[in-house]
Every structure is written in structure tokens, then in C-alpha cells.
1. Which cross-chain or sequence-distant (5 or more) residues have an amide H under 5 Å from the amide H of B:SER142, H modelled 1.01 Å from N in plane?
2. Take the Cα coordinates of the stretch A:126-266, assign each an equal point scatterer, and use the Debye formula without solvent to give log10 I(q)/I(0) at q = 0.16 Å⁻¹.
3. What is the calculated FRET efficiency for B:ALA193 to A:ARG113, with r their C-beta to C-beta distance and R₀ = 41 Å, to the nearest 0.05?
4. Which of the three applies to the stretch A:1-126, rounded, prolate or oblate, going by the alpha-carbon gyration tensor with a ≥ b ≥ c and a/c under 1.5 meaning rounded?
5. I'm checking a number: the convex hull volume of the Cα atoms of the stretch B:2-289, normalised per residue, in Å³. What is it?
6. What does the charge count around B:VAL232 come to, taking other residues whose C-beta lies under 15 Å from its C-beta (Lys +1, Arg +1, Asp -1, Glu -1)?
7. Would you mind counting up the charge near B:ALA38? Only other residues with Cβ under 13 Å from its Cβ, with Lys and Arg at +1 and Asp and Glu at -1.
8. For the stretch A:61-173, rounded, prolate or oblate, judged on the Cα gyration tensor with a ≥ b ≥ c (square roots of eigenvalues), a/c < 1.5 rounded, else prolate if a/b > b/c?
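Nothing in this text is a laboratory measurement; each read-out follows from the coordinates by a stated rule. Bear in mind that the values here come from a model prediction, so they are computed numbers and not experimental data. Ideal geometry is used to build each Cβ from the backbone, glycine not excepted, and the neighbour counts take in all protein chains shown.
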Amino acid sequence: MPTVQRGPSLPLLLAVAALIVAALALLPRFVGLYQTELLIYGMTFAIAALGFNLLLGYTGLLSFGHSAYFGAGAYTVAFIVRDLHVHSMELCILGGLLSALVISALFGYVCVRHTRIFFGILTLALSQVLWSLAFKFFWVTGGTDGIRVPRSGITLLGGLIDFRGPGAYQKFVYSYYYYVLVLFVLAVAVMWVIVHSPFGKALQAIRDNEVRAGFVGIRVRRYRWVAFIISGLFTGLAGALWVPLNGLTTPEILYWPFSGEIVFMTVLGGFRTFTGPIVGALAFNYLKVYAVASSQYWQLVLGGVLVFLVMVLPSGIIGIFSQPPPWLSRAAASPGAFVRASLLFVLSLGFFAAIARVGVHGNFAAIVETLAIIAAILSWSLLLALVYHRGNVIGHRWLVMLALLLPAFGFLICIILGVTLRSRELAERGT
Amino acid sequence: MEILVIQVLNSIFYAAVLFLIAAGLSLIYGVMRIVNLAHGTFYALGAFVSAWAVGGAMSIALSNNVNLGLAGQLLLLPVGALAIAAVGAAIEPTLLRPLYRRPEEYVLLITFGLLMILEDATKLLFGGTPLTAGSIMESMGSIPIGRLLYPSYNLVVIGVGFTAAIGLWWFVYRTRFGVILRATSQDRRMASALGINVGRVYVQAFAIGCFMAGLGGAVVVPAQAAVLGMGVDALILAFVVIVIGGLGSLEGAFVGALIVSFVRTAGVQFFPEIELAVLYLIAAAVLLIRPTGLFGRA
């Protein structure tokens, strides 16, 4: 069990947060339209994962049915736009939140009677009720075709900004980016306050020891229920924000594998930390987009990453820093072992990625490229983690230098190789 | 009247397949306390392997001018089940065993990862087109029920389902291995202290569970083509079955499968829109009123 740690002081935290927000606000100036759109997706999923983690990370309940609240938000917005002809996004969000509130209050009331695996199955079963309704009542929900939510049917800030006429797509992406960014920052701030409030502390007490929390006088079931509702509200907000971006809502987002994806995001980032779900959602979004774009077997890649994550990095990306997995602590104590471990790590992942890519393209350049990217990302993150836990490796500064330089060199070489091979391939295709 | 008989037979046919899947899921949960999200995909993979084996053997036999015959084809069907059992026996020691000391969320997640991997592995190995072993169904013909015809292969599946139920019951309650299995399920550490090789029991239990899922796929594939995504759908229904019957209970899986398939058949007939929703609601209601299910122990 982790000992009591005093986190960074509030002013420092605010300063770092302000820096990150400023960077996010400036980002669309530098990355193109497509990257901006990807970031909006990432931020909406981050809000969903943040909400989900209030249950998993802070209350200790693994929900396998969060697709229900995401879908509730999304479908409500679609209904409002299609049937009520309301265009104001603010009203749509309010509607989405309301329906997420009702459904999570109802489902939560039922689900918090159980914990552990029964809780998970119950949330799963209830979310599938919604899925099957959306799936079967096609004259209301459009069935598998879903409901289209055209961009032109949405206005922001009470009609101040609309998206009609030429250049609407570009205008939409850029203004919607800031719209979602503001809500994202708000959601993160609210969640931070919740988690650090007496209520949040009570939830963590329940997570750590239910019986004791009950003896102290916490009404365990009531607290779980409220946490469930807050969690559902956040996920519902994410669903509502997601719809205009996607332009379409289908039963897919109510089906249980989507709940699995929300769990995946959170675990990828690290569910024992506050920032984990945010980082995890952004990373998962990129991972999925990249995998889908590069291979028809993207599920294989994602599944492989998940299995790898659970086996080797159970504390997630952020967790590497706050809660290093045992093998990393051991490695930090003996640098030789660290080098071996990281080599094995990079090689094995590169190997799987290579197999996946060969299977798809039979394309050598693509393999080198994938290897380079994966090797670089992994060795740098490992290295950062090692430097972070450097307590035991001071005295081996040359080794750290070497480890810093090697991946950098490897990365460079791989990029050069990849570019040459790809250009040669393109030239061959040209002739 | 004939329609009713056929609907009842259909329900029992469906229950037999569902029982095979759910019994494996329940066995794995009962012994190892693992909720295996990849179980439905094992079922789908079993169907694909069996269809592939039958289809491949048929074309080889044809090119050599040998008639495989009905018996030969039927004997080839369990290939899928055996293959899945082997896959299971390989997965348990490599992927699951390192996680038993960790919180159960991780095991659930790894089975979700396995589900994604196996779904695509199926696509990679067998392609995206549906596979079927329909030749078996055709060559078995059909039997008359009143003025209507009913495929006799469906009766074979019903027979397999009942045989499997009795066999599994005998295996768990009447053999030495069954005693060991139940002892391990009740108290892993005590069983280990008494000299039982718990690791081996776990591999065997997981492999048997996978075998059942694969067998479900193998028997269904002459009647229904194996398609991508069938596993994900089947898993949820198998969940409903074992939730109603009680997690880890064999009798529960039997009764649950019958309940689910009769409700489904009735649902398709009388309330097609909410047919699935009703099943999930029944499962939720059972969990609420009697979380251990109809036959489960606390």
C-alpha cells in the first residue's frame, strides 16, 4: 500500500495546468485540421474516462456498462436535434445530461447493491437493455443505421456561431475545438474538486475498506450511488459532445465492447491516478486511429497492447511514475537488468507489431517505420521513468547517457531507413 | 400443432448449443473465479475450425475420388472443439496464471484483450466470408413432423447437448477428478495443502471449459454458418444463462439455457422488439433478487 504522499502544492499544480491548457489552446495553430479533429475526439473520450474512473479508481467498482451513459447522452442529443428541431448545443447538452442523470440514477440504484464481479455483470446486463432497444426500435432510433446529426443543425453559444454555407467544416472544427476544450477544462476541474473533497475522500475510504468506512459512519451504499450518478453524468456529457463531431450515432456506442474500450482507456493511462484516464483516452484515441488506418486487423493490435499492458505495465502510462511496476523497481536497482529488460520489452513489442504489419501489407518499409516509432516511444518513456526513479542509479550516469543516446540514434537510423525505403518503393511503383 | 412441436424442438436445439457454451463459462468461473470475456470467441473459433476441417477434408476427398461419407464428416466435427481445448491449455499458463495474485479486474481485462486478438485472428485465419459445414445437414435429410419437415441434424445436436450435460454431471460429481475439481473450487489453498497440483487442475478446468465452447461451435456449424461477430453475441447470451442459473453451477447452466431459449423463441414470435431487452432484464432481476442465481451457492 502506498504511504501517505503530499502532492505538489496548489499554486504549482495550477501553474502546470495553466501551461498545459495554454499549450492545448495554441495547438490548432500548428497541427492541421485533421489533428485538431482527433484532439476533440480525444478530449471527449477523456471526459468519459474521467467519469468512469471515479467509479473504478476512487470507489473501487468496475463498471462494464458505461456505454449506456455515453449512448444516453449521444442519443438524446440526436433526438433533440431531429425531433424537437432545437439547434442550440447548450440545450442539447442539458438534455443529454438530464437523460444520463435519469438513467444512471436508475441503473446505479440497482447496481450499487452489489460489488465486484456481480456489479460488473449487472452494469453490463443493464447497458445491453439499452443497446437492444436502440437496435430493435428502428423506427425511433434508426436501428443499425443510427441517427444522423448534421453539423448544420447545430449552433454554439445560443446561436452565436452556426455552421452553414461554405467553409463550414473548417469553421466547425476550429470553433468546436475551443468549445470542447472549455468544457473539458471545466470537467477536469470539477472532477479534481470532487476527488479532493471530503466526499471524494469518503469514496476512497470505501474503496480501501468498506467495512471500516461503514463503521466510521459513511453510508456506503448512498455514497456509491452518488458516485455512480456523477460518473454517469460525466460520461453522458462526453456522449453529448461526441455526437456533432461524429455526425452520427449508432448502436455501436451502446454495445458492450464500447464499455470495454472505456475501461481500456482508463487502464492504459493508469486508474490509480487522477490524470491517468485523461492521458489514456488521448493515447487510446491515437492508438486506435493509427491502428485502424494502418491495418484491417486493428483489433489484433489493440488487443495485443491491452494484454501487454496488463502483463507488464499494470499501473498504466502515468502509473509508471507514481507506482512503478515491480519489475521496473527491480530494474532501477540494477541498471544491467534494466537495459536487458527494456531491450526485451522493445524487441518483443516491435516483433508483434512487425508480424501484424507484414500480415497486412508485406511491406518492409512500413515494418521499419512501425518498429522505429514503437521503439522510440517505449524506450523514451521507460527512460523517463528510470530517470524519475533514479534514486538507485546515480553512480551509473554514463549508463543513463548511453540509454538516452541509443534510442535517439536508433530512432534516427530507423527514420532514415524508413524514408529511403519508402521513397524507393514509391519510385518503383512510379515506373 | 405441428408448428408448436417445431418451435419447441427449435428451442431445445438452441438450448443445447447455449448450454454447451454456458456450461464451459460456468465451469471456468466456478473453479477459477474467472469471468472469461473471450469465451464467446472460443465458440466462434470452434465453429470456424470445424467448418474449415470438414470443408477441407471434403475437397481433398473429392479430388482423390474418395467418398468421405456422413460418418467421416461427423467424426471431423469435433476437431474444432479439440483445437479450442488446446488453445485454452496454452493460454491459461501463459496469460492467466501470472495474474491470479492481482485484483480480478486485471484478469477480466486480459480476457477482453484476448477477445479482441482472437476476433481478428479468426478473420486473419479464415477470412471474412462465412464458413459452413452444411453438407452434413443436407446429407442427413429431414424427418416428417405432421405435414412439415424437420432437419434431423438438429435432433443430433439436441442429443449431443443432453449427452454433454449428463457426461459433465457424471464427470464433476462421480469421478475422482471431479472431486479434485470441486475441492479446488471450494478452497484453493486447502486443496494445495492436501497435495493437489492446483496449477494442473486449473489448466485442465480451463481446457475443458474451452472444449465445451468449441464443441458448441462445432455442433452449430452444420446448421448455421460461422460468421464474424457471432462470438460477441453468443457471449452475452451465455452470460444471461449463467446469471439466471447461478454463476458456477452446472444445473443452473442447464436450466438457464432452457429458460433463455424458450423465452427467446416466444419473444421472436410474440414480442420481437423487446425480445433481447427482456432477456437482459430477467438477468438483472435475478441478480437483484437472488444474486447467486437459481442454483448457485452463496
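1. Distant-sequence amide H within range of B:SER142: B:SER152.
2. -1.03
3. The calculated FRET efficiency here is 0.70.
4. Oblate is the answer for the stretch A:1-126, as a/c is 1.5 or above yet b/c matches or exceeds a/b.
5. 147
6. -4
7. Values: positive: none; negative: B:GLU92, B:GLU119, B:ASP120.
So the surrounding residues net to -3.
8. Verdict is prolate for the stretch A:61-173.
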